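A short write-up of the structure that comes next.
Nothing in this text is a laboratory measurement; each read-out follows from the coordinates by a stated rule. Keep in mind it's a predicted model, so treat the numbers as computed, not measured. Here the Cβ positions follow ideal geometry from the backbone for every residue, glycine too, while neighbour counts run over all protein chains shown.
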Amino acid sequence: MATEGPLEELIDAITCPICLGYFKDPVMLECGHNFCKACIVQSWPESEEASACPECRRLFQPMDSRPNWQLAKVVQLVKLWVERCTERRRELCKRHRKPLKFFCKDDEAPLCMVCKRTKAHSGHKVALLEEVARELKEKTKAQLKAMEEERKNLEGCKITQEPGRSEWLKM
């Protein structure tokens, strides 16, 4: 995996290790690993006892898993980004048969040079497609970084609460 580029790393970060698809309704376990809700629920034992994380084998209580809304948002953004990028590569402007090199932020649509100059887009915020893709990639990286920081904070909270929790359970 050392030869992977940033895109491959990003796709790995939003891929469920159980089903190997993009996360669907991602949940985070106490250990910080993420899984699709349906995938992790299928791995739970029928009794309400602790289960092992499929990644690190650490025990967790099924009721302690939490929805990971930030990861769900990142998955949504990346899927949209990949979809738009692949469409851009495949398509020329249907009206003018010119390459789609611009993006109208107001209409959220790719444009060719001719479309960009029309009255329909005058006064609109138009940028280069590559620039818009770069901005989206930066936003996605920032959200992933925030998620990693949140995971570390949660891990720290668990470590500080663990001794008190075991004392409480002894009572």
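When the Karplus curve 6.51 cos²θ - 1.76 cosθ + 1.60 is applied with θ = phi - 60°, which whole-Hz ³J(HN,Hα) does each residue of segment 135-151 get, with x for Gly and Pro?
4, 5, 5, 5, 4, 5, 4, 5, 5, 5, 5, 4, 5, 5, 5, 5, 4
Taking θ as phi - 60°, what are the ³J(HN,Hα) couplings along segment 60-76 by the Karplus curve (6.51, -1.76, 1.60), each to the nearest whole Hz, with x for Gly and Pro?
8, 8, x, 6, 8, 6, 10, x, 10, 5, 5, 5, 4, 5, 4, 4, 4
Which residues does the label zone of residue 76 cover in segment 133-150, counting backbone N under 17 Å from a point 7 Å along Cα→Cβ?
Inside the label zone: 136-137, 139-144, 147.
Can you tell me, using C-alpha contacts under 8 Å and at least 6 residues apart, the relative contact order of the chain as a whole percent?
16 percent
For labels at residue 98 and residue 55 in the simple 7 Å Cα→Cβ model, what's the distance in nm?
Those two pseudo-labels are separated by 4.7 nm.
Between residue 137 and residue 107, what is the spin-label point distance in nm, taking each point 7 Å from the Cα along the Cα→C-beta axis?
2.6 nm
Put +1 on the Cβ of every Lys and Arg and -1 on every Asp and Glu Cβ in the chain; which of 18, 100, 76 then has its Cα farthest towards the positive end of the dipole?
100
Looking at segment 1-67, which trypsin sites (Lys or Arg not before Pro) are DSSP coil and have at most 10 other C-beta atoms within 10 Å of their C-beta?
In loop regions of segment 1-67 (DSSP not H, G, I, E or B), the sparsely surrounded trypsin sites (Lys or Arg not before Pro) are 57.
Roughly what would the spin-label model give for residue 24 and residue 117, points 7 Å off Cα along C-beta, in nm?
About 4.7 nm, to one decimal.
So which of 73/125; 79/105; 98/141; 98/145; 37/145 end up more than 27 Å apart by C-alpha?
Those over the limit are 98/141; 98/145.
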